[in-house]
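Bear in mind these aren't lab numbers, they're just calculated from the coordinates by the rules spelled out. Values in this document were obtained by computation on a predicted structure and should not be read as measured data. We place every Cβ from the backbone using ideal geometry, glycine too, and count neighbours over all the protein chains shown.
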Amino acid sequence: MYRTKIAGIGYYVPEKVVTNNDLTRVMDTSDEWIIERTGIHERRYAKKHEESTATMGAEAAKIAIERAGITAQDVDFIIFATLSPDYFFPGCGVLVQRLLGIPNVGALDVRNQCSGFIYGLSVADQFVKTGMYKNVLLIGGEFHSAGLDFSTRGRNVTVIFGDGAGAVVLQPTEDQDTGILSTHLHADGNYAEVLSYINPGCHGGVHLGTERFGYPEQEFGGAFLTQKMWDDQDYYPNMDGQAVFKVAVQKFPEVILEALKTNGFTPADIDLLVPHQANLRISQFVQRLLKLRDDQIHNNIQKYGNTTAASIPIALCEAWEMGKVKPGDLVCLAAFGSGFTWGSALIRW
Ligand code: UT7
């Protein structure tokens, strides 16, 4: 068995900076409220008609590929994690494959929202450590601003999210002391609707009650996007923020400790924790609970908001560029979010 190492890492965030004060122009919110509840000062929004989840992913991928010392032609498998794909189908994996001119290789999309990068990393790890693939390109990308409710009705969700993408190239190494030590994946579908983006969708009203969506009486079809969904603007993400917060602060520490325990470590051994950037208050809670020093955790939600599947690779890459991740360091990644899904990965850099 090989170990899987991160051979190259990159990120791309759009140029357009949107401050909290910018949002007050379109909805009833304030800089103070957003900073106090989330820690976010600003986020980036992609350029309409020019950028997409796939194009941002491709930009991040180009950097990761170059830093891995390979070319796009060497990539032998693509994994793309996103909850805001360019198309309902096909997924962003094939779009990136086309954008980068990578011939013929498999492309898989991962639909695990905030935990998407960790899930993707775990899938990639299985392929790489068994020797099946030599250069797996894993991307997390989101174009949230295209699908948010910018009226006051959507403010509890909208102020949190930002756009961007991060990517890694994963390669096998024979050095058993470096690379991914373990990954840990969990889910609890009982919370599926607590943080969700339901319409348009093929749910057929199951579990949800057809009434709300106004399904037409015709015998076949017409249930994916109904007139009522359209009239009620019932096509935005929704979130019970407090419910998410409550479970997040339990599951983050739990899954981090699970990774540490599996490998015989304690929180004191972590050189850098890069948590999914859900909310600065959640990260700070986890930091306090695990008694981590400030230099043992990297947060950048202040600048980019919550970029869901992109948040871990963006934060990890930024930390690496700042010299906060050095060879031999014990790096822990952890995520929690919609599904609910959560997971962690422990890496010897
Ligand atoms: O990646 C995982 C994704 N999600 C998360 O991790 C989210 C976890 N949850 C959270 O981060 C927090 O629950 C939020 C930041 C979303 C909300 O903070 P909160 O302290 O839980 O606020 P709340 O939802 O209980 O709302 C408190 C008040 C309400 O007003 P009333 O009913 O007290 O009058 C809301 O209507 O704040 C109001 N509110 C806002 N006010 C100004 C909600 N959103 C906003 C807003 N600006 N953007």
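Hull volume per residue, based on the alpha-carbon atoms of the stretch 193-309 and their convex hull, is 142 Å³. The chymotrypsin sites (Phe, Trp or Tyr not before Pro) of the stretch 260-345 include none that meets both criteria, a DSSP state outside H, G, I, E and B (loop) and at most 11 other C-beta atoms within 10 angstrom of the site's C-beta. Among rounded, prolate and oblate, which fits the stretch 58-132 when a ≥ b ≥ c are the square roots of the eigenvalues of its C-alpha gyration tensor, a/c under 1.5 means rounded, and a/b larger than b/c means prolate? Since a/c reaches 1.5 but b/c is at least a/b, the shape of the stretch 58-132 is classed as oblate.
Distant-in-sequence amide contacts of residue 181, defined by a placed amide H-H separation under 5 Å and a gap of 5 or more residues or a different chain, comprise 346, 347, 348. Quick one: Debye curve from the alpha-carbon atoms of the stretch 15-160 only, equal weights, vacuum; give me log10 I(q)/I(0) at q = 0.09, 0.16 Å⁻¹ to two decimals. Per q value, in the given order, log10 I(q)/I(0) is -0.34, -0.88. A dipole drawn for the chain from +1 and -1 charges on Cβ atoms has a positive end, and of 319, 216, 127 the residue lying farthest that way is 319.
Within 10 Å of each candidate Cβ there may be at most 10 other Cβ atoms; applying that plus a DSSP loop requirement, which GluC sites (Glu not before Pro) in the stretch 49-87 survive? Walk me through the numbers before you get to the answer.
On the way: sites: 50, 51, 59, 66; in loops: 50, 51.
When the GluC sites (Glu not before Pro) of the stretch 49-87 are filtered for loop state and at most 10 Cβ neighbours within 10 Å, 50 remain.
A cut-off under 15 angstrom between Cβ atoms defines the neighbours of residue 13, and their net charge, with Lys, Arg +1 and Asp, Glu -1, is -3. Put a plus charge on the Cβ of each Lys and Arg, a minus charge on the Cβ of each Asp and Glu, and nothing anywhere else: the dipole of the stretch 1-79 about its Cα centre is then about 260 debye.
Under a Cβ-Cβ cut-off of 13 Å, what is the net charge of the residues other than residue 22 that fall near it, where Lys and Arg count +1 and Asp and Glu count -1? Write down the numbers at each step before the final one.
Values: positive: 16, 25, 43, 44; negative: 31, 42.
So the environment of residue 22 carries a net charge of +2.
Charge tally for residue 280 (other residues, Cβ to Cβ under 12 Å; Lys, Arg +1; Asp, Glu -1): +2.
Legend: residue pairs 48/324; 129/324; 62/129, Cα-Cα distance threshold 32 Å; pairs beyond threshold, 48/324. Taking the Cα centre of the chain as origin and assigning +1 to Lys and Arg Cβ atoms and -1 to Asp and Glu Cβ atoms, the resulting dipole is close to 580 debye. I'd like to know which of 183, 349, 57 lies farthest towards the positive end of the charge dipole of the chain, counting +1 on Cβ of Lys and Arg and -1 on Cβ of Asp and Glu. Farthest along the dipole direction, towards plus: 349. Near residue 110, the amide H atoms lying under 5 Å from its own belong to 80, 81, 82; only residues 5 or more places off or on other chains count, and H is placed 1.01 Å from N.
In loop segments of the stretch 116-214 as defined by DSSP, the GluC sites (Glu not before Pro) with at most 15 further C-beta atoms inside 10 Å of their C-beta are 174, 193.
Radius of gyration (Cα atoms) of the stretch 1-99, expressed as a multiple of 2.2 N^0.38 Å: 1.38.
Let me know the shape class of the chain, please: from the alpha-carbon gyration tensor, a ≥ b ≥ c as square roots of the eigenvalues, rounded when a/c is under 1.5, otherwise prolate if a/b is greater than b/c, or oblate. Judged from the Cα gyration tensor, the chain comes out prolate (a/c at least 1.5, a/b above b/c). Which one of 158, 116, 27 has its Cα pushed farthest toward the positive end of the charge dipole of the stretch 3-173, where Lys and Arg give +1 and Asp and Glu give -1 at the Cβ? The Cα lying farthest towards the positive end belongs to 116.
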